[in-house]
Amino acid sequence: MPTGTGYHDELGEFFAQNADTSPYNAYTDRPAMLALAGDVAGSDILDVGCGAGHYAAELLARGARVTGIDASATVLRHAHSRAAQAQLRLHDLEQPLDFAADASFDGIVCALVIHHLTNRRQLLAEMRRVLRPAGWLVISTTHPTADWRYFGGSYYDESWVDLPHGPGALHFQRATLETFLGELLDAGFILEKLVEPRPCLELREVNEDAYARLTERPSFLAARMRSRD
Ligand SMILES: C[S@@+](CC[C@H](N)C(=O)[O-])C[C@H]1O[C@@H](n2cnc3c(N)ncnc32)[C@H](O)[C@@H]1O
């Protein structure tokens, strides 16, 4: 029986469809994160929490070799058809990346998953272990002010919350900017760039209201980090 924070069954099916055209995923998070990743041609990339393979497909199209991991068999089925050339595996990110050798990836993409995890420090240490010297990590998470606005209470409240999403809810832990960035720096990453992604212009053509809303209120934080020598 699937457990934990993976997007299983109906939630996974909903996410897989929704992420195709969602103003949040397709027009805000993905364009910003792919810009942070930059030129990936010829690189070995680990897609951590790869979901339905939207990132893997883009990275393959840009000439990367991609390994994608996720705890949900539901989303991995979608990833298989969207990104057939990626190496995909079922993996719980609360556990070490024991399938991967030290220094085996040039870069890591970790989009909208870190806030779902409890053992974040273990995962960050593991990501450093599997990165080659000076390897890069691009990582995104929910914007703390978006969570504060939605859930209320103290900005500094880092409790676990449930955000309704289609047929279910996304279970994640709120974190301040200080916590998000602090855990990355403590793990031995150096900050290269921090962005608060705005939607890309194409969204205005298809959904003017969402474009106006997401241009005014940040929904995500995204960072490019480099592994310290
Ligand atoms: C918001 S989705 C992001 C998917 C993909 N990175 C993207 O942006 O399209 C979060 C993903 O994290 C996965 N996930 C959540 N908890 C996990 C865990 N403990 N281990 C592995 N994957 C997990 C979910 O199954 C889901 O696919």
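The values are calculated or read from the model by the stated rules, or taken from the named source; none is laboratory data. All values derive from a computational prediction rather than experimental measurement. For neighbour counting, all protein chains shown are included, and Cβ atoms are generated from backbone atoms with ideal geometry for every residue, glycine included. These area figures cover heavy atoms from the full protein model, side chains too; ligands, DNA and RNA do not enter into them. Shrake-Rupley method; radii C 1.70, N 1.55, O 1.52, S 1.80 Å.
The selection criterion, being acidic (Asp, Glu), at pLDDT 95 or above and touching an Asp or Glu at 6+ places or on another chain (Cβ under 6 Å), holds for Asp106.
Residue-by-condition table, conditions (1) crowded, with 21+ Cβ neighbours inside 10 Å; (2) among the charged types (D, E, K, R); (3) assigned to a loop (DSSP other than H, G, I, E, B); (4) within 14 Å of the ligand (Cβ to nearest atom):
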| position | (1), (2), (3), (4) |
| --- | --- |
| Leu88 | yes, no, no, yes |
| Asp98 | no, yes, yes, yes |
| Asp102 | no, yes, yes, no |
| Asp106 | no, yes, no, no |
| Thr118 | no, no, yes, yes |
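Pairs are defined by a Cβ separation below 6 Å, a sequence spacing of at least 6 or placement on different chains, a first member in region 94-118 that is without any contact (Cβ under 8 Å) to a residue 60 or more places away in the chain, and a second member that is more than 11 Å from the ligand (Cβ to nearest atom); the pairs so defined are Pro96/Glu126; Leu97/Glu126; Leu97/Val130; Ala100/Val130; Asp102/Arg129; Ala103/Arg132. Please tell me if Leu221 is outside any helix (DSSP H, G or I) and surrounded by fewer than 20 Cβ atoms within 10 Å (Cβ to Cβ). Here the answer is no, as Leu221 does not meet what is asked.
Here is a yes/no grid of residues against (1) assigned to a loop (DSSP other than H, G, I, E, B); (2) among the β-branched types (Val, Ile, Thr); (3) surrounded by fewer than 16 Cβ atoms within 10 Å (Cβ to Cβ); (4) in contact with a Phe, Trp or Tyr (Cβ under 7 Å, 6 or more places away or on another chain):
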site	(1), (2), (3), (4)
Glu13	no, no, no, no
Gly51	yes, no, no, yes
Gly63	yes, no, yes, no
Val66	no, yes, no, no
Ala79	no, no, no, no
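Among the residues examined, Arg226 does not qualify as open to solvent by 40 Å² or more (accessible area, probe 1.4 Å), more than 21 Å from Cys50 (Cα to Cα) and over 15 Å from the mean Cα position of the chain (by Cα).
Based on this model, can you work out whether Asp9 counts as more than 17 Å from the chain's Cα centre (by Cα), within 29 Å of Asn207 (Cβ to Cβ) and within 12 Å of the ligand (Cβ to nearest atom)? Against the criterion (more than 17 Å from the chain's Cα centre (by Cα), within 29 Å of Asn207 (Cβ to Cβ) and within 12 Å of the ligand (Cβ to nearest atom)), Asp9 qualifies. Contact map, region 44-56: residues that are near the ligand (Cβ under 8 Å from one of its atoms) paired with residues that are open to solvent by less than 10 Å² (accessible area, probe 1.4 Å) and among the acidic types (Asp, Glu), Cβ distance under 8 Å, separation 6+ or inter-chain. Pairs shown: Tyr55/Asp47. The criterion of at least 1 residues that are in contact with a helix residue (DSSP H, G or I) (Cβ under 7 Å, 6 or more places away or on another chain) and small (Gly, Ala, Ser) is met, among helices (runs of 4 or more DSSP H) falling completely within region 167-218, by 208-216.
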